[in-house]
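A short reminder: the numbers here are calculations on the coordinates, not readings from a lab. Just so it is clear, the model here is predicted, and its values are computed rather than measured. So basically every Cβ, Gly included, is an ideal-geometry build from the backbone, and we count neighbours across all protein chains shown.
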Amino acid sequence: MKKILKFFDKLEDKVRGKLSHYPIVYALFGGIGVVLFWRGVWHIADDINISSIVSILIGSIILLVTGVFVSAFIGNRLIISGLSGEKKLAEKEVNEIKTEEAELQDLQSTLSRLEKKLDHIDQDIEKR
């Protein structure tokens, strides 16, 4: 079993490495895989005559138990932004966005200055 898992793990790494250079093709393959997977799940449920209500109950229980329910329907970023009190990007005013961009530029310039200081310190240490 470990050999099979190791084989597919290595195969996945190789395929992902190749497809990452072609994002549109990667998205198409991924989309086709997802649709075919869910089509299979749907047909199995039909074949064993699971009703709609039972499907919703079983699916909800599985999603709740695995912790996927909230992240699948809301998303982690939305939860984090809600907890931290952030507004959605669409709700932010232009001034807020410009202020955040300015803050990011200030942080980048501060980091650049710190890098230069560290380089000088490294050079001083190497001279000693």
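Of the two radii for segment 1-61, the radius of gyration is 1.16 times the Kirkwood radius, both from the alpha carbons; that is the Rg over Rh value.
Grab the beta carbon distance between Val68 and His43, set R0 = 30 Å, and tell me the FRET efficiency rounded to 0.05. Rounded to the nearest 0.05, the efficiency is 0.85. Modelled spin labels at Leu36 and Arg113, positioned 7 Å past Cα toward Cβ, are 5.7 nm from each other. Projected label points at Leu19 and Leu57, each 7 Å from Cα along the beta carbon direction, are separated by 3.7 nanometres.
For segment 114-121, backbone phi angles converted through the Karplus equation (6.51, -1.76, 1.60; θ = phi - 60°) give residue-by-residue couplings of 5, 4, 4, 4, 5, 4, 5, 5 Hz, Gly and Pro being listed as x. Residue separation of Glu12 and Asn95 scaled by 0.36 nm, minus their Cα-Cα distance, works out to 25.4 nm of gained length. Can you run phi through the Karplus equation (6.51, -1.76, 1.60; θ = phi - 60°) for segment 42-58 and list ³J(HN,Hα) in whole Hz, with x for Gly and Pro? Calculated HN-Hα couplings, in order: 4, 5, 4, 4, 5, 5, 9, 6, 8, 6, 4, 5, 5, 4, 4, 5, 4 Hz.
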